[in-house]
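Some notes on the structure that comes next.
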Amino acid sequence: MLRSRWSPNSAFAKRLANGGRREVDYYTQLVPQMPPGLVPRCFDGHFDEDSLAWHLLLEDLTDSHEVATTWPVPPSRAQTFAIVTTLARWHAAWWDHPSLGDSVGTWASVEESAQRMETFAGHYDRFADLLGDRLGEERRILYRRLIDQSERLSQRYHSRRHLSITHGDAHVWNFLLPRTGVDDTVRIFDFDLWSINVPTHDLAYMMAMHWYPERRQALERLLLNLYHDTLVESGITGYTRGALDRDYRWAVLWQITRPVWQWSINIPPLIWWNNLERVFAAVDDLGCEELLG
């Protein structure tokens, strides 16, 4: 399977090109250091800084794998369990790895985190003005409290403890499942947003952002149990089930920023509006407001 993209000289094109750069970096630098069977094998990859053209030559999984469902229909219970198991094993491969921030990825400084939040606050003000009374007062207060307390909440990331490589766009349609009758593993793909981060961001994005309450409530606890069990089986120690719950609620709270970022880069309302409603339902269900004191 050949992935490639040519990018002319424009702001949007440069954003696309940066995604290509990150994909090439991931497959050529990180994948060779990982256990097999988690992502597609890469045979060749290159990013040209002058032309911004790039390519990846990946193994062809067409005959053996498929996406579980057509968006936005969620996968079956069994498919979802297989997806979360692979996500946990993938996170475990880089969990507190000594290369993080050295030869693999970069750490965001406290100053960079503050600058990003300042940018977000500007986007949020315009977003709230646009929505008017469609963004209720309770939600507005929650956003302002999150912005005001972002420095304290960011201390979890800046502890540099129990972190890993995160996908950044870990919805279930970025996983390839073995076709019926094929004895193989689930593979993760599309790595243009990978970074060092708290792993529960991927779980919160997958479940709290994309699933309506009935589905999420039915599977959320079971999947968090499975995720933690898989971490332990993969050799991760010192990360308790309670710590996972705290990190998950923390990550769900942060996910309320995602619809605003999506709006700011002109992602259609069909995406960000539904994400907004689903993630606030999760925030309410999980009592995430308590994290703001």
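The values are calculated or read from the model by the stated rules, or taken from the named source; none is laboratory data. A quick note: this is a predicted structure, and the numbers were derived from the prediction, not measured. Cβ sites come from the backbone with ideal geometry, for glycine too, and all protein chains shown count toward neighbours.
Failed condition for HIS167, given (1) within 23 Å of ARG278 (Cα to Cα); (2) surrounded by fewer than 19 Cβ atoms within 10 Å (Cβ to Cβ), with all others met?
(2)
Given the structure, is VAL252 crowded, with 19+ Cβ neighbours inside 10 Å and either part of a helix (DSSP H, G or I) or within 19 Å of the chain's Cα centre (by Cα) (or both)?
yes
I'd like to check which strands (runs of 3 or more DSSP E) are fully inside the stretch 39-82 and have at least 1 residues that are touching a helix residue (DSSP H, G or I) at 6+ places or on another chain (Cβ under 6 Å) and buried (at least 16 other Cβ atoms within 10 Å of the Cβ).
Because the criterion is at least 1 residues that are touching a helix residue (DSSP H, G or I) at 6+ places or on another chain (Cβ under 6 Å) and buried (at least 16 other Cβ atoms within 10 Å of the Cβ), the strands (runs of 3 or more DSSP E) in the stretch 39-82 that meet it are 42-47, 54-58.
Return the residues of the stretch 123-157 that are surrounded by 16 or more Cβ atoms within 10 Å (Cβ to Cβ), of a type in the set (Gly, Ala, Ser) and closer than 18 Å to SER264 by Cα; say none if nothing qualifies.
Residue satisfying the conditions is ALA128 alone.
Just to be sure before I move on: is TRP94 among the hydrophobic types (A, V, I, L, M, F, W, C), surrounded by fewer than 13 Cβ atoms within 10 Å (Cβ to Cβ) and within 20 Å of the chain's Cα centre (by Cα) in the structure I sent?
No: the conditions fail for TRP94.
Scan the stretch 190-202 for residues that are polar (S, T, N, Q) and part of a helix (DSSP H, G or I) and report the count.
1
Select, from VAL186, VAL182, the only residue that is in contact with a helix residue (DSSP H, G or I) (Cβ under 6 Å, 6 or more places away or on another chain), over 29 Å from SER154 (Cβ atoms) and not charged (D, E, K, R).
Only one candidate qualifies: VAL186.
Among the residues of the stretch 171-189, what is the count of those that are hydrophobic (A, V, I, L, M, F, W, C) and assigned to a loop (DSSP other than H, G, I, E, B)?
Total meeting the criteria: 3.
When you look at ARG77, is it without any contact (Cβ under 8 Å) to a residue 40 or more places away in the chain and farther than 20 Å from PHE189 by Cβ, yes or no?
So ARG77 fails the test.
Before we move on, is PRO75 closer than 30 Å to GLU214 by Cβ and out of contact with any Gly (no Cβ under 8 Å at 6 or more places or on another chain)?
It is true that PRO75 is closer than 30 Å to GLU214 by Cβ and out of contact with any Gly (no Cβ under 8 Å at 6 or more places or on another chain).
In the stretch 145-176, what residues are aliphatic (A, V, I, L, M) and in contact with a helix residue (DSSP H, G or I) (Cβ under 6 Å, 6 or more places away or on another chain)?
Within the stretch 145-176, ILE147, ALA170, VAL172 meet the criteria.
Picking from TYR205, TYR239, which residue would you name as being part of a helix (DSSP H, G or I) and in contact with a helix residue (DSSP H, G or I) (Cβ under 7 Å, 6 or more places away or on another chain)?
Within the list TYR205, TYR239, the selection yields TYR205.
Test ARG161 against the criterion of being in a helix (DSSP H, G or I) and out of contact with any Ser or Thr (no Cβ under 7 Å at 6 or more places or on another chain), and give yes or no.
no
Hey, among ALA108, ALA92, ALA114, ALA121, which residue is part of a loop (DSSP other than H, G, I, E, B), under 30 Å from ARG160 (Cα atoms) and either modelled with pLDDT of 95 or more or acidic (Asp, Glu) (or both)?
ALA108
From LEU87, LEU56, which residue is of a type outside the set (D, E, K, R) and within 17 Å of the chain's Cα centre (by Cα)?
Going through LEU87, LEU56 in turn, just one is of a type outside the set (D, E, K, R) and within 17 Å of the chain's Cα centre (by Cα): LEU87.
Suppose we filter the stretch 263-287 for residues that are more than 17 Å from TRP211 (Cβ to Cβ) and not aliphatic (A, V, I, L, M); how many remain?
Total meeting the criteria: 6.
Is it true that ILE188 is of a type in the set (Val, Ile, Thr) and over 19 Å from ILE83 (Cα atoms)?
Judged against the criteria, ILE188 is not a match.
Residue by residue through the stretch 93-146, note down the ones that are within 23 Å of PRO259 (Cα to Cα) and hydroxyl-bearing (Ser, Thr, Tyr).
Selection gives SER113, THR119, TYR124, TYR143.
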